[in-house]
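Take a look at the structure set out below.
The values are calculated or read from the model by the stated rules, or taken from the named source; none is laboratory data. Here the structure is a predicted model, which means the values were calculated and not measured. Neighbour counts run over all protein chains shown; Cβ positions are idealised from the backbone, glycine included.
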Amino acid sequence: MDQNEINDRVARGATLLDEKRPGWLNDADLGRLSMIHGLLCILGQLYGSYSLGVAALWPDQVYSPHLSPGAASHGFQFPLDSYGRHDGPWALLDAAWTARITALRNEQVQTLLQFGWLLSRDSLAVISPATGRGIGLGSMREQLEELITAAA
């Protein structure tokens, strides 16, 4: 599997998380991300463990979470090889999720800047052009959705 295919799978996974777990982007910790680890992978961080994440995203699945074709096709793991192992370059999967999350976060910041918000250099906060008050980046998604809705 090459990097382009991995990136495509991760993009599908990010889109699925947008649908199934709004706000996930703010809860992902890139400093702890390790896709081979069941607690530190993206699903482990968001749902408590990889298995719980698979169960939440595919509740009707009858397979074991580690045999989930959906998880592999959405960049949460590698497909099984002929020996029943998840055989793949895990560092490339880590890099793909890191790049995707970073790009999505950068898009959020750019959108806020287009609406006149300022970034605080001293903390992870953005400053409202209307009130002059800062908000933490954790609530940035909700603010961004309100701004986009108001502008439409």
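Take the conditions at pLDDT below 90, assigned by TED's automatic domain parsing to the domain that holds Pro89 and not basic (Lys, Arg) and apply them to Asn7. Does it pass?
no
For the range 2-31, give me each residue that is within 19 Å of Gln108 (Cβ to Cβ), crowded, with 18+ Cβ neighbours inside 10 Å and among the aliphatic types (A, V, I, L, M).
Those that are within 19 Å of Gln108 (Cβ to Cβ), crowded, with 18+ Cβ neighbours inside 10 Å and among the aliphatic types (A, V, I, L, M): Val10, Ala14, Leu16, Leu17, Leu25, Ala28.
From the set of residues in the range 32-51 that are in a loop (DSSP other than H, G, I, E, B) and of a type in the set (A, V, I, L, M), which is surrounded by the most Cβ atoms within 10 Å (Cβ to Cβ)?
Met35
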